[in-house]
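Here is the structure we will look at, set down as structure tokens.
Derivation of every value follows stated rules applied to the coordinates shown; laboratory data play no part. If you're wondering where the values come from, they're calculated on a predicted model, not measured in any experiment. Backbone-built Cβ (ideal geometry, glycine too); neighbour counts: all protein chains shown.
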Ligand SMILES: NC(=O)c1ccc[n+]([C@@H]2O[C@H](COP(=O)([O-])OP(=O)(O)OC[C@H]3O[C@@H](n4cnc5c(N)ncnc54)[C@H](OP(=O)(O)O)[C@@H]3O)[C@@H](O)[C@H]2O)c1
């Protein structure tokens, strides 16, 4: 199994503002055209994803914004202590299962189910726990050319262990943003 934390952040490592806005993403600007017409690689990435892990706050943000759960076709593990949250998503074609507690056990369950490429969809709290459990295999992050000062971090958590990653990709994107990709070095 290979777990990818794929997201975007500000220059100071925030994945949203303190009031949960993603407006900072507008500073990234239009992506440079590529032969496959997918400057962010997101569609290509999503096409490879077999399962998703998402935290309750990220899901709530999507639901409150009227976006619904856009990935109902992919088996999804929702981390939440709120037993009612999954039901608010509505019908999905693939299972949406809620789990709470040990994130390591959740990844074990996904591995046992046979999913190979797993997208850690957010947020920073879940990413921090996954890092602590040494379940982050790759970090793909677009760094927007702006600063937020506060808000959820790329990895949230106190006393996270030192984990070393190897830089595999570093390029400009959308003019003034950067795309960074690290792979866990074990
Ligand atoms: N820049 C981007 O592309 C991007 C990507 C993803 C998210 N975001 C933003 O990031 C923000 C949310 O991130 P976040 O780090 O604050 O929150 P998060 O990780 O999405 O969710 C945290 C919540 O998930 C639940 N949870 C986490 N671990 C759990 C566990 N082990 N067991 C049970 N429940 C667990 C808890 O909610 P309960 O209270 O329900 O238990 C916890 O408060 C949103 O504003 C979202 O828009 C941005």
### Task
Relative to the longest principal axis of the C-alpha atoms of the chain, give the angle of the C-alpha long axis of helix 103-112, reported between 0 and 90° and rounded to the nearest 10°.
80
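Could you list 42, 24, 107 in order of exposure, starting from the residue whose Cβ has the fewest other Cβ atoms within 10 Å?
Working: 42 14, 24 21, 107 24.
Ranked by crowding around the Cβ, least crowded first: 42, 24, 107.
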### Task
Determine the gain in length on full extension of the stretch residue 147-residue 172; use 0.36 nm per residue of separation and subtract their C-alpha separation, reporting nm with one decimal.
7.3 nm
## Note on the structure
Quick calc: nm separation of the 7 Å Cα→Cβ label points for residue 22 and residue 89 -> 1.6
#### Entry: Neighbour-count order for 52, 117, 15, fewest beta carbons within 10 angstrom listed first
117, 52, 15
### Message
For a test of the definition: using alpha carbon positions, the gyration tensor, and the 1.5 limit on a/c, classify the chain as rounded, prolate or oblate.
### Response
rounded
### Query
Which shape class, rounded, prolate or oblate, goes with region 1-100 when its Cα gyration tensor gives a ≥ b ≥ c as root eigenvalues, a/c under 1.5 marks rounded, and past that a/b bigger than b/c marks prolate?
oblate
### Message
Using a 7 Å offset from the Cα along the Cα-to-Cβ direction at both residue 12 and residue 63, what is the distance between the two label points in nm, to one decimal?
### Response
3.1
#### Entry: Ranking of 61, 182 by count of other Cβ atoms within 10 Å, fewest first
61, 182
### Summary
Listed residues 150, 94, 47; largest mean-square fluctuation, Gaussian network over the chain with Cα springs below 10 Å, found at 47
### Task
Considering only 139, 126, 97, give the residue with the highest GNM mean-square fluctuation for the chain, with springs between Cα atoms whenever their separation is below 10 Å.
97
